[in-house]
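Reviewing the structure listed below.
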Amino acid sequence: MHERGLTTPTGANDGDKFPLLDAEVDLIERTDLLIANLPYVPTADVDEAKEAASIRDLAPRDLARLGIAAEPRLALDGGGDGLELIRRLIAELPRLLRPGGAALLEFGDGQGDDVARLADGLGIGWRVAIRGDLSGRDRMAEIRRSG
């Protein structure tokens, strides 16, 4: 960390889910690379999974919901459409990234078009590419600032 000029490690917190979005947080300088795996599961899906987990005879196809139910809500719940924190982060990228910098953001299955539209809203000087996971599903946005 000290080689990079950082004096304080970053880590999890139990307050706001994403302290970089707080106006009081001041970065030493903008960053070249930001990687985020923010909560992206819609609230209703988290609720449904947690309710289903109370049923003992889940079918094997319900294992994904069981996995969601085992995680803390704070790690999963991305708001009504699942994009609440992603939307906030994308809006703050001009403040967070240096010219030439990039952000890599993971998102949920089926959210790629919405994330691309959010990034396109940054305007001139920004590029977005949606990348697939190993199964070919869109799961990551690469958002670059011209520099």
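Throughout, read-outs are computed from the coordinates displayed, never taken from laboratory work. These numbers come from a predicted model, not from an experiment. Note that each Cβ is placed from the backbone with ideal geometry, even for glycine, and that neighbours are counted across all protein chains shown.
Computing FRET efficiency as 1/(1 + (r/R0)^6) for ALA70 and SER146, where r is the C-beta to C-beta distance and R0 is 30 Å, gives about 0.10. Using the Karplus relation 6.51 cos²θ - 1.76 cosθ + 1.60 with θ = phi - 60°, the per-residue 3J(HN,Hα) values for the range 29-41 come to 8, 4, 10, 7, 9, 10, 10, 9, 10, 7, x, 9, 8 Hz, with x marking Gly and Pro.
Ranked for footprinting exposure by Cβ neighbours inside 10 Å, fewest first, SER135, SER146 give SER135, SER146.
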